[in-house]
Structures are given as C-alpha cells and as structure tokens.
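This report refers to the structure that appears directly beneath it.
The values are calculated or read from the model by the stated rules, or taken from the named source; none is laboratory data. Only a predicted model underlies this, so the values are computations on that prediction, with no experimental measurement involved. Please note: Cβ atoms are built from the backbone with ideal geometry, for glycine as well, and neighbour counts cover all protein chains shown.
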Amino acid sequence: MAWEQIVALAAIVLALAAIVVGVLALRRLRAAGDAPGPAPRAENPRADIGPAAFVINPVKVDDPARIEHAARTISAELGMPEPLLYRTTVEDPGVGQARAALDAGASVVVAAGGDGTVRAVATALAGTGTPMGLLPSGTGNLLARNLDLPVDGADALIRTALAGRDVPVDLGWLTPVRLRTPDEEDDDADAPDVLTDREEHLFLVMAGIGFDAAMVAGADDDLKARMGWMAYFLAGVRHLHGRKIRLEMRIGDAEPRQLKLRSLLFANCGRLPGGIVLLPDAEIDDGLLDVAAIDTRGGLIGWASLFGKVVLQGVGVRGQLAASPGRIDFFRGADIEVRMDQAEQVQVDGDLLGEAIGVRTRVQPGGLRVRVRG
C-alpha cells in the first residue's frame with residue numbers, strides 16, 4: 001500500500017473517530033440539559049423593595065398587636081423585609097410617623113385607623129410618589145368606600161396594601177381665612193382684619209362649610225364610638241333649623257356668585273356612608289373639585305325633599321325643580337375662593353378646623369398614589 005493510501009486511510013479513521021466523539025459529547029450535553037439537577041433559584045419580585053410601614057391608630061384599631069403580627073406574617077409570605085411599625089399619638093396623629101417611614105425607605109405606608117389617620121398619612125406622602133395603603137377602622141372610612149375597598153377583613157386588606165396595584169388620586173387643599181383675634185391685633189392701623197392660615201389642610205374626600213361642619217362638631221367621639229356613622233345623622237338633626245349662610249364664591253377667574261345656603265361642600269369624590277351618592281359627577285382623578293351648594297326651605301319638608309333628591313341621584317335620576325324646597329346646585333373648578341358674611345365652622349374629611357370667615361381651596365391632580373385591589 002502506497003504511503004498516500006495509508007495517509008488517506010488514517011485520515012478517514014480519524015474523521016470517523018472525531019464524528020463518534022462529537023456525537024457522544026452532544027448526547028451527554030443533551031442528557032445533562034434534560035436531567036432535573038438543582039432547580040434555578042426563583043427570583044422574588046418583591047425582595048429588592050423597601051419594607052412596608054404601618055401607621056396604626058391604637059384608639060381606632062381594636063387590636064393593634066394583631067395588626068402588627070399580621071403585618072409581619074404577610075410581609076414574610078410575600079418575601080418583603082420586616083415591616084416598620086408605628087403608632088399614632090395625641091400629639092402626632094400620623095404625619096410624623098409617615099415621614100419617619102419615608103426616611104427609613106418604606107416602599108408603601110399603610111394607614112390603619114379612621115379618616116383622620118388616613119388624612120395625616122396622606123399629608124406626609126403627598127407628592128412623594130410613595131403609595132399609601134388603607135386599613136380602615138373608624139366611623140366614616142370614606143376614602144376606602146369611594147375606592148371600593150372593603151372596610152373589614154384585615155388580612156385581605158393588608159395583602160392588598162402590600163401587593164395591590166397603585167392608582168393616582170387627586171388631593172384637595174383648603175386654607176382657612178380667619179378673623180383677627182384681639183391677641184393678634186397689630187399696631188398698624190392699616191393691617192387687614194383677617195388672617196390667612198399659613199398651613200394648607202389636605203382633604204381626600206370632602207371639605208365643607210356650614211351645616212355639615214356643624215354636624216361634625218356635634219358628633220363627639222363617644223357618640224361615634226357607640227353609633228358609628230349614624231352619630232353624624234343624630235348630630236345633624238340638632239342643626240336642621242340652623243340659620244343660612246350668606247357668602248360670595250369665585251371659581252377660578254369667573255365672576256363671583258352671591259349665594260345663600262345651608263352648606264357648601266368641596267368634593268374630591270362623591271360617595272357617603274350608607275351608599276349615599278351626594279355628588280354623582282365627582283371623580284377622584286379628574287383634576288377638579290366638585291362643589292355642592294345645598295339649601296332647604298320649609299323646615300322638615302325641605303330636608304325631606306333634599307334627601308329624596310339625593311336618593312334619586314344614587315340611582316341615576318337627575319333633575320332640579322325651581323319650586324323644590326330642597327335643592328343642590330353643582331359647580332366645578334380647580335381653585336375656589338369663598339368669603340362668608342360671618343365666621344362659620346369648617347371641616348376637612350370629618351376633622352373640624354374651627355371657625356373661619358372664608359376659605360381657599362385648590363386641587364393637586366394626581367398628588368397621591370393609593371394601593372387598591374389588583
């Protein structure tokens with residue numbers, strides 16, 4: 001056999017050997033790929049976020065320790081860090097605690113309490129982008145009702161607060177204008193006789209002047225603890241025959257309106273306890289405040305007429321009769337200024353601010369993110 005043939009035969013043998021080795025190696029790789037082996041480590045989508053913070057009102061929440069335990073348990077189940085736990089005090093109803101949570105890197109701050117606790121936490125979170133969760137426990141729970149969140153079932157609410165979806169909501173801000181008191185007298189004879197508060201007061205649902213504020217003032221904590229939201233109804237009965245308010249209202253740059261009424265409401269959303277829809281066009285994310293000018297005449301007949309009108313609104317029946325003894329006139333705007341003929345009580349989300357001779361309100365579109373059911 002010539003050497004050329006020997007070399008060719010050797011080359012063929014080597015080529016065949018290379019093919020066999022390649023096939024065997026490929027089979028091993030495929031077998032290794034098909035073998036169960038150690039499972040890849042699952043990534044926890046919530047492991048890289050900050051802890052949840054809970055701001056708990058121990059007066060409104062029946063069992064704060066149980067809520068704290070559930071917060072720890074559910075956080076662990078969701079793969080989240082140990083939660084930050086705060087309790088409100090008489091001196092600080094939740095603003096300071098929520099700010100401390102932000103400083104600690106909280107990914108969500110849960111307000112556990114009544115409307116006052118929710119308002120305090122929202123004040124701290126406004127404009128930050130950090131969402132607020134809701135664990136309602138109180139008389140009104142108005143924001144939760146308007147967002148269709150259940151007002152009971154703590155564990156389900158905590159899960160929603162920690163793992164739900166975020167929605168942007170508008171915020172209302174109200175600044176009272178007060179009469180100058182004797183101890184605030186100024187040596188300057190030209191000093192104005194009114195003072196504008198340096199602090200704006202946030203509201204998520206409604207602020208109001210007149211009958212509604214007097215109703216809030218009359219519903220003390222003991223009555224609310226015993227009667228729930230019906231306490232406001234009973235307090236309102238005592239003010240059915242109160243005097244009317246004369247005021248001037250300006251919406252944006254429009255001409256001012258002169259009004260005489262029982263109550264003036266500024267609403268971010270329109271649903272009240274008991275399923276009552278007071279402002280059917282109010283939307284919590286439309287960048288506007290809805291204003292309701294409420295008036296009655298004829299004593300109880302007027303109030304009965306008004307109640308019937310509100311009930312019909314709730315089922316979609318709208319209308320306004322000129323001769324009706326109870327009426328609601330609706331307005332809308334992003335900023336509203338009101339001046340009364342004398343000082344009246346003012347409330348924001350059920351918290352009484354005291355008397356004022358006027359108010360200025362404005363809306364902050366999308367000023368807060370709230371955690372709702374996914």
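When you scan the range 316-323, do you find a residue that is touching a strand residue (DSSP E or B) at 6+ places or on another chain (Cβ under 9 Å) and modelled with pLDDT under 95, even just one?
Going through the range 316-323, the residues touching a strand residue (DSSP E or B) at 6+ places or on another chain (Cβ under 9 Å) turn out to be 320-321.
Remaining after also requiring modelled with pLDDT under 95: 320-321.
Yes, the range 316-323 contains at least one residue that is touching a strand residue (DSSP E or B) at 6+ places or on another chain (Cβ under 9 Å) and modelled with pLDDT under 95.
Among 90, 108, 61, which is of a type outside the set (Ser, Thr, Tyr) and within 17 Å of the chain's Cα centre (by Cα)?
Values: 90 fails: within 17 Å of the chain's Cα centre (by Cα); 61 fails: within 17 Å of the chain's Cα centre (by Cα).
108 is the lone residue from the list that is of a type outside the set (Ser, Thr, Tyr) and within 17 Å of the chain's Cα centre (by Cα).
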Do you know which residues across the range 159-174 are surrounded by 20 or more Cβ atoms within 10 Å (Cβ to Cβ) and either at pLDDT below 95 or farther than 15 Å from residue 370 by Cβ (or both)?
-> 173, 174
Being of a type in the set (A, V, I, L, M) and farther than 15 Å from residue 203 by Cβ is the filter here, so list the residues in the range 125-143 that pass it.
-> 134, 135
Got at least one residue in the range 281-296 being closer than 30 Å to residue 157 by Cα, among the small types (Gly, Ala, Ser), in a loop (DSSP other than H, G, I, E, B) and under 26 Å from the mean Cα position of the chain (by Cα)?
-> yes
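For the range 276-285, which residues satisfy the criterion of being closer than 20 Å to residue 318 by Cα and in contact (Cβ under 8 Å) with a residue 24 or more places away in the chain? Full working, then the answer.
Within the range 276-285, the subset closer than 20 Å to residue 318 by Cα is 276-283.
Of everything in the range 276-285, those that are closer than 20 Å to residue 318 by Cα and in contact (Cβ under 8 Å) with a residue 24 or more places away in the chain turn out to be 276, 277, 278, 279, 280, 281.
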When the range 273-303 is examined, which residues are found to be touching a Gly at 6+ places or on another chain (Cβ under 8 Å), at pLDDT below 80, small (Gly, Ala, Ser) and under 17 Å from residue 263 (Cβ atoms)?
-> 302
Filtering the range 76-97 down to residues that are of a type in the set (A, V, I, L, M) and without any contact (Cβ under 8 Å) to a residue 12 or more places away in the chain, which residue is surrounded by the most Cβ atoms within 10 Å (Cβ to Cβ)?
-> 76
Answer residue from the range 102-130, given it is under 17 Å from residue 67 (Cα atoms) and of a type outside the set (Ser, Thr, Tyr) and is surrounded by the fewest Cβ atoms within 10 Å (Cβ to Cβ) among those = 114
When the residues of the range 244-272 are filtered to those that are over 20 Å from residue 168 (Cβ atoms) and in a loop (DSSP other than H, G, I, E, B), which remaining residue is nearest to the chain's Cα centre (by Cα)?
-> 272
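A quick yes/no check of all residues on (1) touching a residue at least 12 places away in the same chain (Cβ under 8 Å); (2) basic (Lys, Arg); (3) in a strand (DSSP E or B):
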| site | (1), (2), (3) |
| --- | --- |
| 274 | yes, no, no |
| 303 | yes, no, no |
| 313 | yes, no, no |
| 363 | yes, no, yes |
| 369 | yes, yes, yes |
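Residue-by-condition table, conditions (1) within 21 Å of residue 195 (Cα to Cα); (2) surrounded by fewer than 18 Cβ atoms within 10 Å (Cβ to Cβ):
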| residue | (1), (2) |
| --- | --- |
| 304 | no, yes |
| 311 | no, yes |
| 315 | no, yes |
| 326 | no, no |
| 330 | no, yes |
| 336 | yes, no |
| 345 | yes, no |
| 360 | yes, no |
